[in-house]
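Before any comments, here is the structure.
The values are calculated or read from the model by the stated rules, or taken from the named source; none is laboratory data. Just so we're clear, the structure is a prediction, and the values are computed from it rather than from any experiment. Reconstructed Cβ throughout: ideal geometry from the backbone, glycine too, with neighbour counts over all protein chains shown. Protein only, heavy atoms only, side chains kept; ligands, DNA and RNA dropped before computing areas. Shrake-Rupley method; radii C 1.70, N 1.55, O 1.52, S 1.80 Å.
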Amino acid sequence: MMKFDLYMDERSSVPKYIQIVKSIKSMITVGNLKYGDKIPSINNLSAEYYLSRDTVEKAYTILKNQGIIESVRGKGFYISHHSDLSKFKILLLFNKLSAYKKEIYNSLLIQMEDRAEVVFQVYHCEYSLFKKILDQQKESYDYYIIMPHFKKDCEQKAIDLIKQLPKEKLILLDHQIEGVNGYFGSVFQDFKMDIYMALKQLKSKLEKYQKLILVFPFHSNYPYPEQILLGFKKFAVEENFDFEIIPEISADRNPAKGEAYVIIEENDLVNLIKKARQFKDLVIGKNLGILSYNETPLKEVLQKGITVITTDFSAMGKLTADMILSKEGKKIKNEFKVIVRESL
C-alpha cells in the first residue's frame, strides 16, 4: 500500500515548493512511492498540509518538467515510468562565509530545483586548506564551483591547482583569475570598472563633499581584490577629487564635515556610524557621506539607510545554476548596481 507522508520543515529557509519536490523524490527513493502510484491532487495536498494552492502547483509543475510525475486528465497525478532521480554532484568551495555568500548558495539550490547534490566547503582564503579539501574529495564531481579569493603569497599555487581540474566541469564565481584557460564557466565581477562606474553614477551626490575616503582593509584575513583600489583611484583622479585611502576606522580616526567614506567591511561601517554619533555637528547624508560595498538587509533597515554599491548575489547563483542545467560553459559579467539611500 502506498505510504504518502510529506515532510515539511517550517523552520527551513528552503522554499516550501522545493521541500515538496524533495519530499516526493525521497519517497520514491525509499520505495514508498512506485511507478504508477497515484499521489494527492493539488487541492487535497494543499488542504491536508495547510499549503497554498500556488505552492503545490509550482512543485507539481517542477516534478512534471523533470519527468517525475505525469497528469492524466480527469484522474489526477501519477508517478511516471520515465522518472529521472539522478542529480548533479557539485563541490562548492567558498573563500568565506557571509550574508551575501549565503544568498548565492540559496539562489543556486532554488534554481536547481532539487537537481543537485551539493558538498559545501569553506577554505578561508588559505591554499593549504583549499588543497586539502580537493585532495580529500576523491570522488568524481559533475561540477567544481569555486570562488577563487586567495592570499597573495599563495595565489599562484592555488591557480595552478585549479588549472588541473577538468575545464568542462569548472565554474569560477565572483573573481576573474589569470592563467586559467579553456572551456569553463565563469560568473564574475569586474571590480575595477564596477566601482569606477558606480562612483561616476553617484558623482552629483559626491560633489557636495570635499574629500573621498576609501576604507580598504589591507590586512584582513580575507583579502579583497586590489582592483577596487584601482577603480576608486581612477575615478578620484579623473574627476579631480581630493582623496585618501586608509586601512580601517581606527580608535583615533574622527570623521569630519565634508568627508564621504567608501566602506568595504561591516565592522568599519559600524565604527564609523558610532563615531559620527559622538559629534552633534555631523549629520550622515548631509555633511558626512557613507557609501558601503555589498548589500545586506542591515544596510536597508538602518536609520536613514545606507547607500550601497553591490553585485546581484542572487543573480550570481541563478546564472550558475542555469549554466549547469544547460551544460554550457559561459563567461558572464554579473550585474553591478547602485542602491541610493539617505546616507549619501
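Suppose the filter is under 22 Å from Asn221 (Cα atoms) and part of a helix (DSSP H, G or I); does Glu57 pass it?
Values: under 22 Å from Asn221 (Cα atoms): no; part of a helix (DSSP H, G or I): yes.
Criteria not met by Glu57.
Before we move on, is Ala47 small (Gly, Ala, Ser) and more than 19 Å from Glu113 (Cα to Cα)? Spelling it out, Ala47 is indeed small (Gly, Ala, Ser) and more than 19 Å from Glu113 (Cα to Cα).
Considering only segment 234-247, I want to know if a residue exists there that is at pLDDT 95 or above, within 23 Å of the chain's Cα centre (by Cα) and crowded, with 17+ Cβ neighbours inside 10 Å.
First pass over segment 234-247, keeping only residues at pLDDT 95 or above: 234-247.
Filter once more, so that each one left must be within 23 Å of the chain's Cα centre (by Cα): none.
No, segment 234-247 contains no residue that is at pLDDT 95 or above, within 23 Å of the chain's Cα centre (by Cα) and crowded, with 17+ Cβ neighbours inside 10 Å.
Residues that are surrounded by 14 or more Cβ atoms within 10 Å (Cβ to Cβ) and among the small types (Gly, Ala, Ser) within segment 286-342 comprise Gly289, Ser292, Gly305, Ser314, Ala315, Gly317, Ala321, Gly329, listed in sequence order.
Just a yes or no: is a residue in segment 116-139 within 30 Å of Ser41 (Cα to Cα), open to solvent by 40 Å² or more (accessible area, probe 1.4 Å) and more than 17 Å from the chain's Cα centre (by Cα)?
Yes, segment 116-139 has at least one match.
Scanning segment 5-36 for residues that are assigned to a loop (DSSP other than H, G, I, E, B), farther than 19 Å from Lys58 by Cα and in contact with a Leu (Cβ under 9 Å, 6 or more places away or on another chain) turns up nothing. In segment 185-199, the residues that are touching a residue at least 40 places away in the same chain (Cβ under 8 Å) form Cβ pairs under 9 Å with partners that are surrounded by 18 or more Cβ atoms within 10 Å (Cβ to Cβ) and of a type in the set (Asp, Glu), at six or more places apart or across chains, as follows: Val187/Asp174; Phe188/Asp174; Gln189/Asp174. In segment 153-176, the residue that is farthest from Leu134 (Cα to Cα) out of those that are of a type in the set (Val, Ile, Thr) and crowded, with 17+ Cβ neighbours inside 10 Å is Ile171.
Scanning segment 323-336 for residues that are basic (Lys, Arg), out of contact with any helix residue (DSSP H, G or I) (no Cβ under 8 Å at 6 or more places or on another chain) and either under 21 Å from Ile177 (Cβ atoms) or touching a residue at least 40 places away in the same chain (Cβ under 8 Å) (or both) yields Lys331, Lys333.
In segment 71-87, the count of residues that are aromatic (Phe, Trp, Tyr), surrounded by 15 or more Cβ atoms within 10 Å (Cβ to Cβ) and within 30 Å of Phe150 (Cβ to Cβ) is zero.
Within segment 27-66, being open to solvent by 50 Å² or more (accessible area, probe 1.4 Å), polar (S, T, N, Q) and more than 11 Å from Phe4 (Cα to Cα) holds for Thr29, Asn43, Asn44, Ser52, Thr61, Asn65.
Can you name every residue in segment 256-271 that is in contact (Cβ under 8 Å) with a residue 40 or more places away in the chain and among the aliphatic types (A, V, I, L, M)?
Filtering segment 256-271 down to residues in contact (Cβ under 8 Å) with a residue 40 or more places away in the chain leaves 258-265, 268.
Answer for segment 256-271, where residues must be in contact (Cβ under 8 Å) with a residue 40 or more places away in the chain and among the aliphatic types (A, V, I, L, M): Ala260, Val262, Ile263, Ile264.
I want to confirm something. Restricting to segment 249-270 and keeping residues that are in a loop (DSSP other than H, G, I, E, B) and within 25 Å of the chain's Cα centre (by Cα), which single residue is surrounded by the most Cβ atoms within 10 Å (Cβ to Cβ)? Taking the candidates together, the pick is Glu265.
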